[in-house]
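Structure first, then comments.
The values are calculated or read from the model by the stated rules, or taken from the named source; none is laboratory data. Predicted model only: the values in this text are computed from it and were never measured. Cβ: placed from backbone, ideal geometry, glycine included. Neighbour counts: every protein chain shown.
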Amino acid sequence: MSFLISLVSFIVALSILVAVHEWGHFWVARRCGVKVQRFSIGFGKALWRRTDKLGTEYVIAAIPLGGYVKMLDERVDEVSEEDLPHAFNRQHVLKRIAIIAAGPGVNFLFAIFALFVMYLIGLQTIKPVVGSIQPDSVFSQVNIPPNAILTQVGDRKVVDWEDVAYEFMSFIGHDEMQVKWTDEKTTFERSATINLSEWKFDPDKTSVFNSLGLIPFRPKVLNVLGSVQDGSAAQSIGFQANDKIVSLDGTSMQNWEQIVGYVSTRPNQTVEASVLRNEQVISLNGTIGSKTEEQTTKGYMGFTPTLEPWPEGVVFVHQYGVVKAMSKAMDKTWRLMTLSIEMLGKLITGDVSVKNLSGPISIAQGAGMSASLGLVYFLGFLALISVNLGIINLLPLPVLDGGHLLYYFIELFSGRPVPETVQEVGFKIGGVLLLLLMSIAIVNDIARL
């Protein structure tokens, strides 16, 4: 079911973003007088098609992994004398630049729209309240007390943990980082500069917070069960939601971590549990289940705990009126754009490893996870991927929009088009580089499974 949700969510997300991107090319091409022959979402056999009065064929194809806009072009097809003024290659270079730039441009506009709707609906989020600082960590340099609220990282204000994560990542490769916070008793803002020379961050192994030694506040996990998975070992043993686990095999269970540790070291072993149910202690007997992680078999029950309630005011909702929502959406989109460019730069300089590149499998997993959380989270995911799609398409690789723009700007300033032989060589080099990056991303995706 998880795989199915991820697959469907990925196809929906990709179809929306491709349609948006290609519509940008299509709309501007029409306004520039270029004849559009086909607007296709997907590749391969057409599942649905329709032709409008201007002769444009709209297609939904069988393979939903992209799309394209086919414009009349003498370099591709033979063009009749009467249609020559409507051929793409016959347009002034500024028109060609506008048509190509429109795809990524509309991706950025779509991100603003998606975030605008998200903020109108309302997004539940959590204030960046500090839980604890790990000893001998990067953040141990600073005396930030428990329950302090982070207010700024670098020169950017932060209001939730997502903001904090983005700003932390922007400091990868830097020597130091300034943070500001207020404690739980006063609103007085304190600040400190943190030395990052010893910071090592591998996103495949840990979160950006753990890598710095900063543990976000979370309510205490209780020994009371919140849910029991159907068909699990816990259900077979007889555990029910709202059961409080008192002991396992006669050993008193003081906290949830103790329960997890006890179960994980006893795969496929029998267990006797005492639980408090409806104010009565009940004995349960059965066999602990198992699952394999990284070639290690661990005990597994299939139940989840409950948490203490969040303190008042820590959980809040990003929900605004039309004007404020638009302002927030534009600011967030701009930050996603600048952060994407920064991360690409860090990839080139080596501050970020190519092992961190993600491909379609990771995107599908993200799509499925966000979709399962609800519409507002899926809108946020669409905005993030739309921005990344726009930025990547602007890279100066000849097979991408950015490569075409590079050729057209050279033509604009030199007064002559780039020779076709040079363009062909560029397309081949760009194709190889893009294929290499895609291969690395897919290999990384498979390694993470």
*So which residues in region 145-189 are on the phi > 0 side of the Ramachandran plot and either of a type in the set (Gly, Ala, Ser) or in contact with a helix residue (DSSP H, G or I) (Cβ under 9 Å, 6 or more places away or on another chain) (or both)?*
Gly154, Gly173
*Within region 315-338, work out how many residues are of a type in the set (A, V, I, L, M), surrounded by fewer than 17 Cβ atoms within 10 Å (Cβ to Cβ) and under 19 Å from Pro128 (Cβ atoms).*
2
*What do you reckon, is Phe409 within 30 Å of Asp331 (Cα to Cα), modelled with pLDDT of 90 or more, surrounded by fewer than 17 Cβ atoms within 10 Å (Cβ to Cβ) and out of contact with any strand residue (DSSP E or B) (no Cβ under 6 Å at 6 or more places or on another chain)?*
yes
*For Ile63, are the conditions met, namely being surrounded by fewer than 15 Cβ atoms within 10 Å (Cβ to Cβ) and aliphatic (A, V, I, L, M)?*
yes
*Any idea how many residues of region 198-215 are touching an Asp or Glu at 6+ places or on another chain (Cβ under 9 Å) and under 17 Å from Ser170 (Cβ atoms)?*
1
*Counting just the residues of region 1-43 that are within 25 Å of Gly368 (Cα to Cα) and small (Gly, Ala, Ser), which one comes out modelled with the lowest pLDDT?*
Ser2
_Failed condition for Pro305, given (1) assigned to a helix (DSSP H, G or I); (2) touching a Leu at 6+ places or on another chain (Cβ under 8 Å)_ = (1)
*Is one or more of the residues making up region 205-223 closer than 30 Å to Val271 by Cα and surrounded by 16 or more Cβ atoms within 10 Å (Cβ to Cβ)?*
yes
*Taking the stated definitions as given, is Arg50 without any contact (Cβ under 8 Å) to a residue 40 or more places away in the chain, within 25 Å of Pro398 (Cβ to Cβ) and not assigned by TED's automatic domain parsing to the domain that holds Ile363?*
no
*Filtering region 22-61 down to residues that are under 34 Å from the mean Cα position of the chain (by Cα) and among the hydroxyl-bearing types (Ser, Thr, Tyr), which residue is farthest from Leu109 (Cα to Cα)?*
Tyr58
*What's the number of the condition Ala13 fails, among (1) within 27 Å of Thr333 (Cα to Cα); (2) of a type outside the set (Phe, Trp, Tyr); (3) surrounded by fewer than 18 Cβ atoms within 10 Å (Cβ to Cβ)?*
(3)
*Does at least one position in region 45-54 carry a residue that is on the phi < 0 side of the Ramachandran plot, surrounded by fewer than 19 Cβ atoms within 10 Å (Cβ to Cβ), among the hydrophobic types (A, V, I, L, M, F, W, C) and not in a strand (DSSP E or B)?*
yes
*asked:* Can you go through Leu150, Leu84, Leu94, Leu120 and tell me which one is out of contact with any strand residue (DSSP E or B) (no Cβ under 8 Å at 6 or more places or on another chain) and surrounded by 16 or more Cβ atoms within 10 Å (Cβ to Cβ)?
replied: Leu120
*Could you tell me which residue of region 164-206 is farthest from Ser140 (Cα to Cα), considering only residues that are touching a strand residue (DSSP E or B) at 6+ places or on another chain (Cβ under 9 Å) and small (Gly, Ala, Ser)?*
Ser170
*Residues of region 286-302 satisfying the condition of being loosely packed, with under 12 Cβ neighbours inside 10 Å and assigned to a strand (DSSP E or B)*: Thr292, Glu293, Thr296
